[in-house]
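The values are calculated or read from the model by the stated rules, or taken from the named source; none is laboratory data. Just so we're clear, the structure is a prediction, and the values are computed from it rather than from any experiment. Don't worry about glycine lacking a Cβ; one is built from the backbone with ideal geometry, like all the others, and counts go over all protein chains shown. Just the protein is used for accessible areas: all its heavy atoms, side chains included, with ligands, DNA and RNA removed. Shrake-Rupley method; radii C 1.70, N 1.55, O 1.52, S 1.80 Å.
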Amino acid sequence: MNVIEIVKSIVLGIIQGITEWLPISSTGHLILFDNIWPMASSPEFFEVFKVVIQFGSILAVLVLFFHKLNPFSPRKSRREKRDTYNLWKKVIVGCIPIIIVGLPLDMVLEDYLSGVYVIAATLILYGIAFIVIESRNRRPSMRSLEDLTYKAAFFIGCFQVLAAIPGTSRSGATILGAVLLGCSRYVASEFSFFLAVPVMAGASGLKLIKYFLKVGMFSGSEWILLTVGTLVSFLVSILAIRLLLSYIRKHDFKVFGVYRILLGIVVIVYFGFLA
């Protein structure tokens, strides 16, 4: 096992853990990193690697929000259990658009829109959108997950479909959509986290099946890389989620919009003139 490849796996796990939950595009960052310092493994393995390490991020959500997401908790009252069931129903409703449109679209767009300039364009476009939307200073009408309507959950899921284009950011699209629909930043972020669990688990599972049918089982070294990347993604995700929820209690998302614009410009300059 090449130590350098393990280091790359660790770095990719860190990138995944941070960028999955911040609205700055995890896939975009992973693709950019691979363009600068690619893994020595096959392109097919990297495609499955950057999706499978999302399991670590999913596990972080389940660990941090286990009580809130568990409808069977003996510490919950009957009303709290009912609210938890309703939350999961809203998550299911939010997943309908990605199941019907997003997954088939992702399979088509993945091979054609993973270029660095597409990523740069979507980084800048959604960066501007965050700044513009956050400048409206509109009072949210949905300040808790109980206030979140099924209609809003469905349309947040529609925004999630936009993440099929690399560089968009799944969390970015859903948070942006939720804020536009009247959710508070905190509710938008939490629902984005919960919506990610079935979506990312399904995407990872499909990617694994596709890889096994096309290539076969992973080698021993590939299993090590996947395990390391997933573990690092889990640990970093826990920290990133806590920091984000703490940050948005007093701040808005404009800083992420500025970051996206600056990164998009850097990508264009680097790959257009320096690479």
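Annotations for the structure displayed:
- Filtering Gly205, Gly264 for residues that are surrounded by fewer than 17 Cβ atoms within 10 Å (Cβ to Cβ), part of a helix (DSSP H, G or I) and not acidic (Asp, Glu) leaves a single hit, Gly205.
- Residue match in the range 233-255 (condition: of a type outside the set (Phe, Trp, Tyr), under 23 Å from Ser41 (Cα atoms) and open to solvent by less than 30 Å² (accessible area, probe 1.4 Å)): yes
- Exclusive hit being within 13 Å of the chain's Cα centre (by Cα) and in contact (Cβ under 8 Å) with a residue 40 or more places away in the chain, set Val197, Val179: Val197
- Looking only at the range 22-39, residues that are aromatic (Phe, Trp, Tyr) and open to solvent by 40 Å² or more (accessible area, probe 1.4 Å) come to 1 in all.
- Among residues of the range 1-21, those that are of a type in the set (A, V, I, L, M, F, W, C) and crowded, with 23+ Cβ neighbours inside 10 Å, counted: 2
- If you filter the range 170-188 down to residues that are hydroxyl-bearing (Ser, Thr, Tyr) and within 17 Å of Leu22 (Cβ to Cβ), you find that the one that is surrounded by the most Cβ atoms within 10 Å (Cβ to Cβ) is Thr174.
- Count of residues meeting criterion [over 30 Å from Ile31 (Cα atoms), small (Gly, Ala, Ser) and either touching a helix residue (DSSP H, G or I) at 6+ places or on another chain (Cβ under 7 Å) or modelled with pLDDT of 95 or more (or both)] in the range 120-154: 2
- Selected residue (only one of Val215, Val236 is at pLDDT below 95 and of a type in the set (A, V, I, L, M, F, W, C)): Val215
- Counting only helices (runs of 4 or more DSSP H) that sit wholly inside the range 1-87, those with at least 3 residues that are over 22 Å from the mean Cα position of the chain (by Cα) are 3-19.
- Among the residues of the range 54-73, the one identified as without any contact (Cβ under 8 Å) to a residue 24 or more places away in the chain and open to solvent by less than 10 Å² (accessible area, probe 1.4 Å) is Ser73.
- Exactly one residue out of Val236, Val255, Val267 is of a type outside the set (S, T, N, Q), under 21 Å from Leu32 (Cβ atoms) and without any contact (Cβ under 8 Å) to a residue 24 or more places away in the chain: that is Val255.
- Filtering the range 114-164 to residues that are assigned to a helix (DSSP H, G or I), small (Gly, Ala, Ser) and either open to solvent by 60 Å² or more (accessible area, probe 1.4 Å) or free of Cβ contacts under 8 Å to residues at least 60 places away in the same chain (or both) leaves only Ala152.
- Boolean, Gly167 is within 12 Å of the chain's Cα centre (by Cα), surrounded by 24 or more Cβ atoms within 10 Å (Cβ to Cβ) and either among the small types (Gly, Ala, Ser) or part of a helix (DSSP H, G or I) (or both): yes
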